[in-house]
Amino acid sequence: MASIFTRIVRGEIPCYKIAETDDFLAFLDVRPLTRGHTLAIPKSEINYLFDLKDELYVGLHLFAREVARAVEKAVPCERIGTAVIGLEVPHCHIHLVPIRAIDDLNFSRERPTFTPEEMEQTAAAIRAQL
């Protein structure tokens with residue numbers, strides 16, 4: 001069964017798209033830790049980061065870095081925190097989270113909510129920085 005991220009890649013589920021290449025996709029997390037929380041994924045359905053072939057592993061990190069720089073320009077923050085947890089969706093992904101304090105990367109805390117309009121505005125602001 002395809003993961004939710006594979007279904008997003010295929011266009012079966014909509015997303016707030018940030019960037020896309022032949023191999024990678026970045027989109028806003030619909031359950032963000034902070035405004036601008038973005039996920040960078042390989043389009044290939046590979047569950048575990050360390051199972052990626054070298055070229056894909058390096059490519060994903062370079063893609064994530066480019067997206068992170070755009071997020072940092074678009075969303076006020078101290079820096080972009082990253083996390084690779086891999087338990088919530090069986091598809092490799094890197095969390096890119098605008099942070100001001102270490103607690104901003106606490107996945108156990110209550111998450112803010114944003115309207116669809118706010119999510120699209122945030123995505124547009126990030127895309128404009130690419």
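Protein heavy-atom surface of the chain, 1.4 angstrom probe: 51% of the accessible area is carbon and sulfur, with nucleic acids and ligands not counted. Between the helical axis of 54-74 and the longest alpha-carbon principal axis of the chain there is an angle of about 20 degrees. What separates the Cα centres of the range 63-122 and the range 30-47 is a distance of 8 Å. A simple spin-label model places the labels of Ser44 and Ala128 3.6 nm from each other, with each point 7 Å out along Cα-to-Cβ.
The residues of the chain present an accessible area of 58 Å² per residue when probed at 1.4 Å with all protein chains retained. When mean projected area of the Cα convex hull in nm² is computed from the coordinates, the matching label among (1) 11.1; (2) 8.2; (3) 7.6 is (3).
The long axis of helix 116-127 is offset from the longest Cα principal axis of the chain by roughly 70 degrees.
From helices alone, the chain scores -9500 deg cm²/dmol at 222 nm; the rule is -39500 (n - 2.57) for each run of n ≥ 4 DSSP H residues, then divide by the residue total. Mean sequence separation of contacting Cα pairs (under 8 Å, at least six apart), scaled by the length of the chain, corresponds to a relative contact order of 31 percent.
The values are calculated or read from the model by the stated rules, or taken from the named source; none is laboratory data. Source: prediction; values computed, not measured. Backbone-built Cβ (ideal geometry, glycine too); neighbour counts: all protein chains shown. The accessibility values were calculated without ligands, DNA or RNA, using every heavy atom of the protein model including side chains. Shrake-Rupley method; radii C 1.70, N 1.55, O 1.52, S 1.80 Å.
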